[in-house]
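One structure is given below, encoded as structure tokens.
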Amino acid sequence: MSLKRAVPPLAVLLALAGHANAQSAPAPKAAAVTAPQVVLGATRITGAAPTIDGKLDDAAWQQAPVATGFVQRAPNAGAPGSAPTEVRVLYGGDAVYVAARMHDRPDSIAAQLSRRDDGSTYSDWMYVMLDSDDGNRSAYVLGVNPREVQQDFIMEEDGTQDATWDAVWQVRTRVDSAGWTAEFRIPLSQLRYDPHHTVWGLNFQRTIARREEDDYWSPIPPDAAGFISRFGQLDGLVGLGSPTRLELNPYATSRVTRAPGTSTDPFYSRNSPSASAGVDMRYGLTPNMTLTATVNPDFGQVEADPSVVNLTAFETSFPEQRPFFVQDARIFQFKLGGSAGQLLYSRRIGAPPRGSVPGDAAFADVPERTTILGAVKLSGKTSNGWRIGVLDALTSQEDARFTTVDGTRGSSPVEPLANFGTVRVMKDLNGGASGLGAIVTTVNRRMQPGLEFLRSSAVAAGMDGRHRFGGGNYEMSGYLVGSNVRGSTEAITRTQRSSAHYFQRPGADYLGVDSTLTSLSGVIGDLELKKIGGGSWTWETGARARSPGLEINDLGFQNQTDRIEEYGGLGYSHYKAGSVFKNWYLHGFQRMQWTFGHERVQTYLNAQGSFQLLNYQGGSALVERYQPAISTSELRGGASLRTPGQTALTLSAFGDRRRKVTWSVLGYGALEDGTGGNALTIAPALELRPSPRMELSLEPTLAWNTVPAQFVDQADDDAGVRHYYFARLAQTTTALTARLSYTFTPRLSLQYYAQPFISAGRYSAAKEVADPAARSFDQRFRPATLSEQPDFNFKAFNSNAVMRWEYRPGSTLFVVWNSALQQTAADGSYDLIRDSSRLFRSDGTNVLLIKLSYWLGL
């Protein structure tokens, strides 16, 4: 019954950018390119290799052909670049060299210092894009700005990016009277390639920030159903070697943790020092296959998750930020689409333990996280074209120490020894126009007494495929996945009764809890047809089904099963500037969902649009409509409850990002039909660049939410009849996300992140469910009295300061300070000044960490 919080879809946010650069997702690639393909000859170095200093005066450069004739993708698609660009390529036995000259007025060049891989930095950029296996599926992208800030990432065929690829390579830049230059040395050891291939896919991109201009050597029109497949060619790569690719990155960490506690707790220490060491390893089994491993990884430098107040029955998903699991994550992607979830949610590995100490424990020392003993990944491409990804991780058994009231000490297992595994394979067919893939994920736990509520094993396996036709402008895709979990009768019964399934729902005759089961199976499938390019019009239509028994939460993520849905959308993009707009975009979408018992749980419609003006400002609008339906989860396992319709509106606007001070604002409002339910969120943002070294962003959020019927509790009366209690909830939430970045040099930087968060909710007008199927809100509920008032006031402040120094290529020193304050109270009143004062006066947990790593390339 709670209001559905909507966020503008990705399509709107992408359209707000007004142009597609190397940091934004391009249109999906086509299978074939009809335009003439540009070719650049690769010249082998016969004498001394160029000195990487940005001067471009080495004799070797005079031997190399020049790539010119760059073409705009934005803002004037198809027009020549507004300023000339010249690029040359050389190669030697162990590296590829690139020299680029970007002609321009020196006083007009945008050059902001920032931390490496900060793709949001406002600056001019030069990118080198290498499809080193010429497979039209992915490309290595290495970029630099005039201040020598480096970017490197892997771009996939559909425009998604793996920004965690951190290669060890060199680049130097210079600004002179003719513009600026960049000189690259890219070691072959950092790339995957077939030494027998003499042709690589190649493209160059130049970004001119003040014009929001993107120029490509091999043109990529904005309506093209292709990106990497439209690359040009780097020809003549004869005699490429197979360099040894062994990289070791040992590291040591030292930390001191200071946390609040009580002196009567025998496990408490005001200051708790600790130290650890580990190692990361990468080994090139072949030029196209890499083995990566980590032993005793430490992720202390990772930014804290944002604070949330979750009043739903479902788990909150957070993005993965740990470097080992983010790197090469694209290889393991198996897109389920929509709200179906994901097969690999790597945050399951090393998650907090789920067991508990005995109920009579007075004090306990429970590990915050499950220890990852080690993990290994194998990724790459075989000689016959199969792309392979293998991930395996081992986590330790965790035990919690405790003492009872009489001082007796003991320990109990809270998480078993577990192994997590994933295998993903893909094969491109028909020159990349078609593809087939498969995936298997497994979890196996060595069960311990007291942990029988956990599933002992889980497996999910499936296949996916796609085929592009009509010149690559149309695509049909689909997948089919099956799951099976095993465990004790307690574990499988808990699974059936969990919020993802609710097999116990009254009235769902096709379901039912079987307490004798020791396994549970299910399937999910999808079929989609869409137009992805070849003009301004695009569309999609598809159907998806999730059976009630589907369970992927051991290594994946899902909130609800038991769904059959159909969906479709139609969009139009206008790329050419007119008398008012630089570009604009419109899209409409609809989706309907039913349970396997033919209950309609959602009818959803939206219409959205975005635009950018000639003055570089713009905005967007999204109108959403949810028709009245039923909810199978609102009663937390009870009967289906009828839900009212809802209309929501999201408006956003943004300023000229070329300015040193820029702004944006987002507003969201929603109204329920006939209940008085409403929501309002205002989220302005301010970005400042007070100097070429400093960036500051402030994003406050203010939200008010009134829910006429928020679930509170359920209880059985003396006769065994279950009652479901609700109340009117008035909730106020404020938050501020602040980020400060100061870059001393391209290799020495300081970042600070802070988020104070306050949310208070007051309940009133208690009620219980009278007739869950009644059409009238007043008939669905009757007045009731709550045994306990569930008002809340939750306050948190998370901050993270990270100094990063890359003291030599690939080797880093981190100095990190983490601070976390948290306070809760059974008080539903909201007072910003009072609550802020109480929050910052509270005791928190502070961690000072130093992490030193040293890269060895052997």
Extreme residue, positive dipole direction of region 272-332, given options Val309, Leu291, Ala329 (C-beta unit charges): Leu291
Lys/Arg +1, Asp/Glu -1 at C-beta; region 699-781 dipole; positive extreme among Pro708, Ala774, Leu736: Leu736
Cubic angstrom per residue, convex hull over Cα atoms of region 734-852: 187 Å³
Cα Rg over Rh - region 627-779, Kirkwood: 1.17
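Could you work out the equivalent-ellipsoid semi-axes for region 775-840, taking the square root of 5 times each eigenvalue of the Cα gyration tensor, largest first, in whole Å? Before the final figure, lay out each step's value.
Working: eigenvalues 439, 67, 18 Å².
Sorted largest first and rounded, they come to 47, 18, 9 Å.
Count the DSSP beta bridges whose two residues both fall in the chain, then state the antiparallel fraction as a percent rounded to the nearest 5.
Of those bridges, close to 100 percent are antiparallel.
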Cross-link reach list, lysines versus Lys531, counting only Cα pairs under 26 Å and skipping chain neighbours closer than eight places: Lys29, Lys335, Lys427, Lys576, Lys582
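Taking N as the number of residues in region 376-496, what is its alpha-carbon radius of gyration divided by 2.2 N^0.38 Å?
Numbers: Rg = 21.5 Å, N = 121, 2.2 N^0.38 = 13.6 Å.
Relative to the 2.2 N^0.38 Å estimate, region 376-496 comes out at 1.58.
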Compactness of the chain - radius of gyration and Dmax, Cα, Å: 28.4, 94
Most positive-pole-ward Cα, Leu750, Thr541, Thr675, against dipole of the chain from beta carbon charges: Leu750
Between 0 and 90°, nearest 10: helix 832-841 axis offset from the chain longest Cα axis: 80 degrees
Whole-percent carbon and sulfur share, accessible surface of the chain, 1.4 Å: 57 percent
Magnitude of the charge dipole, the chain, Cβ model with Lys/Arg +1 and Asp/Glu -1, debye to 20: 980 debye
Surrounding net charge for Val485, when Lys and Arg each add one and Asp and Glu each subtract one, Cβ distance under 12 Å: +2
Alpha-carbon centroids, region 587-636 and region 541-584: separation in whole Å: 10 Å
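If Rh is defined by the Kirkwood formula over all Cα pairs and Rg also comes from Cα, what ratio Rg/Rh do you get for region 223-281? Write down the numbers at each step before the final one.
Details: Rg = 26.6 Å, Rh = 18.3 Å.
Radius of gyration relative to Kirkwood radius: 1.45.
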Calculated from backbone phi, Karplus (6.51, -1.76, 1.60) coupling profile of region 164-180 in Hz, x at Gly/Pro: 8, 5, 10, 7, 9, 8, 10, 7, 9, 10, 8, 10, 9, 5, 9, x, 8
Computed accessible area, Tyr763, all protein chains, 1.4 angstrom probe, square angstrom: 20 Å²
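Is it possible to state the helix-based mean residue ellipticity at 222 nm for the chain, with each DSSP H run of 4+ residues giving -39500 (n - 2.57), the sum divided by total residues, to the nearest 500 deg cm²/dmol? What is it? Mind dumping the intermediate values first?
Details: 5 runs with 34 residues, N = 858.
Rounded to the nearest 500, the figure is -1000 deg cm²/dmol.
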Cα coordinate range in region 517-573, projected on the principal axes (Å, largest first): 53, 20, 15
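With a 1.4 Å probe and every protein chain left in place, work out the accessible area per residue of the chain in Å², rounded to a whole number.
Values: 35530 Å² over 858 residues.
Per-residue accessible area for the chain comes out at 41 Å².
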Net charge dipole size for region 145-217 [Lys, Arg +1 and Asp, Glu -1 on Cβ; Debye, nearest 20]: 460 debye
Against the rule of thumb 2.2 N^0.38 Å, how large the Cα Rg of region 480-550 comes out: 1.60
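The values are calculated or read from the model by the stated rules, or taken from the named source; none is laboratory data. All of these numbers come straight from a predicted model, not from anything done at the bench. Cβ: placed from backbone, ideal geometry, glycine included. Neighbour counts: every protein chain shown. Accessible surface areas use protein heavy atoms only, side chains included; no ligands, DNA or RNA. Shrake-Rupley method; radii C 1.70, N 1.55, O 1.52, S 1.80 Å.
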